[in-house]
Amino acid sequence: MAYDDSNIFARIIRGEIPCSTVYEDDHVLAFKDIQPQRRVHVLIIPKGHYVDMTDFSANASDAEIVAYTRAISRVAEKLGVAENGYRLITNTGVDGHQEVPHLHFHIVGGEPVGPMLKRT
Ligand code: AMP
């Protein structure tokens, strides 16, 4: 899937729409989810144009991959969820129910997040 730079997270990176920033470095931005599903719900995105984790893991530079991975612990520490734990989610594509076509990890916690997926 080709990257569409009109998506909402691309617009946030460009500063066209506001966000509640939690963490930022040269390669990564983390901000609060607009519809939090738990007490803590933050999105961690690369600043580069990657549709999803498949695209990122295949095409991102080593520097981007290191920065993105390192950002997870920094954000978890900053949010105060590192000790008790959290869930990291990245939805990918149609079957993964991805709504915004720019790679993002949801970091959710601050309270028990509940069990893993169950077949309904
Ligand atoms: P996904 O279904 O994994 O693509 O999740 C997209 C997430 O982006 C949802 O949790 C939305 O609440 C969140 N979201 C959409 N627009 C914004 C925004 N402007 N600021 C913060 N979070 C947003």
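The values are calculated or read from the model by the stated rules, or taken from the named source; none is laboratory data. Source: prediction; values computed, not measured. Here Cβ is always computed from backbone atoms with ideal geometry, including for glycine, and neighbour counts include all displayed protein chains. Note: areas computed on protein heavy atoms with side chains; ligands, DNA, RNA excluded. Shrake-Rupley method; radii C 1.70, N 1.55, O 1.52, S 1.80 Å.
Please give the net charge around residue 4, taking every other residue with its beta carbon less than 14 angstrom from that of residue 4, where Lys and Arg add +1 and Asp and Glu add -1. It would help to have the intermediate numbers written out before the result.
Working: positive: 11, 14; negative: 5, 52, 55, 99.
Once positives and negatives cancel, what remains is -2.
When a/c reaches 1.5 or more, the comparison of a/b and b/c decides; with that in mind, is the stretch 8-109 rounded, prolate or oblate per its Cα gyration tensor? Write out the running numbers ahead of the final one.
Working: a/c = 1.28, a/b = 1.22, b/c = 1.05.
Because its axes are fairly even, with a/c under 1.5, the stretch 8-109 counts as rounded.
Can you check what the net charge comes to around residue 77, using other residues whose Cβ is under 12 Å from the Cβ of residue 77 (Lys, Arg +1; Asp, Glu -1)?
Numbers: positive: 70, 74, 78; negative: 83.
Result for the neighbourhood of residue 77: +2.
Just to confirm the filter: which trypsin sites (Lys or Arg not before Pro) across the stretch 21-120 are DSSP coil and have at most 10 other Cβ within 10 angstrom of their Cβ?
Numbers: sites: 32, 38, 39, 47, 70, 74, 78, 87, 118, 119; in loops: 38, 39, 47, 118, 119.
Passing sites in the stretch 21-120 are 118, 119.
Where the accessible area of the stretch 8-109 is counted over protein heavy atoms with a 1.4 Å probe, how much of it, in %, is carbon and sulfur?
Working: 2790 of 5790 Å².
Summing carbon and sulfur atoms, their accessible area is 48 percent of the total for the stretch 8-109.
What longest region of the chain stays clear of GluC sites (Glu not before Pro) that DSSP places outside H, G, I, E and B and that have at most 15 other Cβ atoms within 10 Å?
Working: sites that count: 16, 83, 99.
It works out to 17-82.
How large is ³J(HN,Hα) for each residue in the stretch 4-21, as worked out from phi by the Karplus curve 6.51 cos²θ - 1.76 cosθ + 1.60 (θ = phi - 60°), to whole Hz, x for Gly and Pro?
Each residue's phi maps through the Karplus curve to give 10, 7, 8, 5, 5, 6, 4, 5, 5, 4, 6, x, 7, 10, x, 8, 9, 6 Hz.
Using the Cβ atoms and a cut-off under 15 Å, what net charge is assigned to the surroundings of residue 55, where Lys and Arg are +1 and Asp and Glu are -1?
Values: positive: 47; negative: 4, 5, 52, 64.
Charge balance near residue 55 sits at -3.
Residue by residue through the stretch 64-73, which ³J(HN,Hα) values in whole Hz follow from phi under the Karplus form 6.51 cos²θ - 1.76 cosθ + 1.60 (θ = phi - 60°), with glycine and proline marked x?
Rounded to whole hertz, the list is 5, 5, 5, 4, 5, 5, 4, 5, 4, 5.
Please work out the average accessible area per residue across the chain, using the 1.4 Å probe convention, and give it in Å².
On the way: 7580 Å² over 120 residues.
Normalised by residue count, the accessible surface of the chain is 63 Å².
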